[in-house]
Amino acid sequence: MKILNRYFTRQLVAIFIMLLLVLTGLAWMLQIMSMMKFLLNYGVELTSFLGLTILMVPFIVSIIIPFVTFIAIIFVYNKLISDNEITVMAATGLSPRQIARPALALACVLTVLHFILNIWIVPTTQSMFYSTQWNLRYGLAHMKLQESAFTQLADGLVVYVDKVSGHDLSQLMLSDMRDRDAPVTIFAEKGKLVSTARGLSIVMTNGSLQASGDTLTTGTFDTFDMDLNVADKEGENSFRVRRVPTMTLIKSVLDAPNERQHKMVLSELSTRLLGPIMNLILAALCTAILLRSSLLRRRASFAPAVAVAAMAVVMSGFMSTSNMISSVTEFVLLALAIIVVLGGILFVLFRK
């Protein structure tokens, strides 16, 4: 039996790793293509851009692990059934529970790894992703002002600089046309780009200001600090549950300021805490359908299609239900439903 377990396990692990690498690579390439506009618009270096997209890999893996587990199991077990190896094993007295043990063992290991990924790794990397994205887009790192040239920092915001030395500017002109009803034009001898909690600012010295509106306003200044407001503050300050640590997320269930955020927290907790159990459910579901149907030779050929349909129903049901949770009671009911479903599938698989 140990030899058979090793034989099954080697095939399952090999197929799982291959599929995980292929599907993760494809998803990562799609992520790169979707963010290509970010690379071109903000002049980000290629290495920094690739480093940013790599931070999305743990999140991608956390999404596809249950599907990869299911595909690996259905591929290996269906091949063994087609080659009549399962039939020979059953004829020697092995039960479906014994034959399914390698798949369930793999699913248990992946469930634990998935928990670690969801609870610690994904929130950390997502927090790094959003922070790095903001710094590359709006921080000092991407501000490469050219000498004797007009640089558009945002729609309607243009800066002209005569000389640039790092973040120190000389003889600059700033035109702010973002508010069409109140355009502002500023001239200054010197300026300096600084990063603040509000975002990017330019501190200008020895200059003049002209603002148009209902009346024309002009004046001079010794020092003027202008918040550029080039950051998408609404998007930056919005509540992003994926980057919130799990313990903080749990504590915020009762402290959510509004109903929308409360639902977002519960939905994210469902994904993090209940999602990994889907590895076990899909593994048990797949082996139960394949192994039980293999005893009915005429129906064995339809088993893979039935297994795929069952997987689609289970995963779509879980994802749609987890997104509709609006109370702690519903969260508990979903957890109980998952346990019941898993218990029912294992009962069908283990019964003689």
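Taking each residue as 0.36 nm, the span from MET324 to SER212 lengthens on full extension beyond its C-alpha to C-alpha distance by 35.3 nm. Annotation for TRP134 and THR223: the two label points, set 7 Å from Cα along the Cα-Cβ direction, are 2.6 nm apart. Our note on the geometry: Cα centres of the range 46-62 and the range 150-220, 35 Å apart. For the chain, lysine pairs separated by 8 or more sequence positions, or belonging to different chains, with Cα-Cα distances below 19 Å total 7. Helix 122-138: angle to the longest alpha-carbon principal axis of the chain, degrees 0 to 90, nearest 10? So the inclination is approximately 30 degrees. With neighbour counts taken as other beta-carbon atoms within 10 Å, the residues LEU80, LEU19 rank, fewest first, as LEU19, LEU80. Entry note: the range 1-126 has Rg to Rh equal to 1.15, where both radii use alpha-carbon atoms and Rh is the Kirkwood radius.
On C-alpha positions alone, give me the angle between the axis of helix 303-324 and the longest principal axis of the chain, in degrees, nearest 10. Roughly 40 degrees, rounded to the nearest 10. Here the contact order of the chain, divided by its residue count and restricted to Cα pairs under 8 Å and six or more residues apart, works out to 16 percent.
Arranged from fewest to most other beta-carbon atoms within 10 Å of their beta carbon, CYS286, CYS108 become CYS108, CYS286. Its relative contact order, with pairs defined as Cα atoms under 8 Å and 6+ residues apart, puts the range 144-232 at 19 percent. Taking only the alpha-carbon positions of the range 44-106 and ignoring solvent, what does the Debye formula give for the base-10 log of I(q)/I(0) at q = 0.13 Å⁻¹? After summing over all Cα pairs, the log10 values are -0.54. By the Cα gyration tensor, the chain has an equivalent ellipsoid whose semi-axes, rounded to whole angstrom, run 59, 22, 15 from largest to smallest.
Summing Lys, Arg as +1 and Asp, Glu as -1, what charge do residues with Cβ under 12 Å from the Cβ of VAL265 carry, VAL265 excluded? Spelling it out: positives minus negatives among the neighbours equals +3.
In this label model, VAL88 and LYS163 are separated by 8.4 nm, measuring between points 7 Å along each Cα→Cβ vector. Counted by Cβ distance under 15 Å from LYS251, the other residues give a net charge of -1, where Lys and Arg count +1 and Asp and Glu count -1. For the chain, adding -39500 (n - 2.57) for each run of n ≥ 4 DSSP H residues and dividing by the number of residues yields -19500 deg cm²/dmol at 222 nm.
Coupling constants for the range 49-61 follow from the phi torsions by the Karplus curve (6.51 cos²θ - 1.76 cosθ + 1.60, θ = phi - 60°), and in residue order they are 5, 5, x, 5, 5, 5, 5, 7, 4, x, 5, 4, 4 Hz; glycine and proline get x. Ordering of 248-257, 69-78 by packing is 69-78, 248-257, highest average first (other Cβ atoms within 10 Å, averaged per residue). Taking 7 Å steps out from each Cα toward its Cβ at ARG351 and ALA335 produces label points 2.9 nm apart. For the range 29-77, the convex hull drawn through the C-alpha positions has a volume of 76 cubic angstrom per residue. The ranking of SER201, SER320 from fewest to most other beta carbons within 10 Å of each one's beta carbon is SER320, SER201. Enclosing the Cα atoms of the range 144-232 in their convex hull gives a volume equal to 90 cubic angstrom per residue. Remark on LEU157: its backbone amide H falls under 5 Å from those of MET177, a criterion applied only to residues 5 or more positions apart or on other chains, H modelled at 1.01 Å from N. Rounded to the nearest 10 degrees, the angle from helix 2-34 to the longest Cα principal axis of the chain is 30 degrees. The Cβ shell under 13 Å around ASP214 holds other residues with a net charge of -2, Lys and Arg each +1, Asp and Glu each -1.
A short reminder: the numbers here are calculations on the coordinates, not readings from a lab. Only a predicted model underlies this, so the values are computations on that prediction, with no experimental measurement involved. Note that each Cβ is placed from the backbone with ideal geometry, even for glycine, and that neighbours are counted across all protein chains shown.
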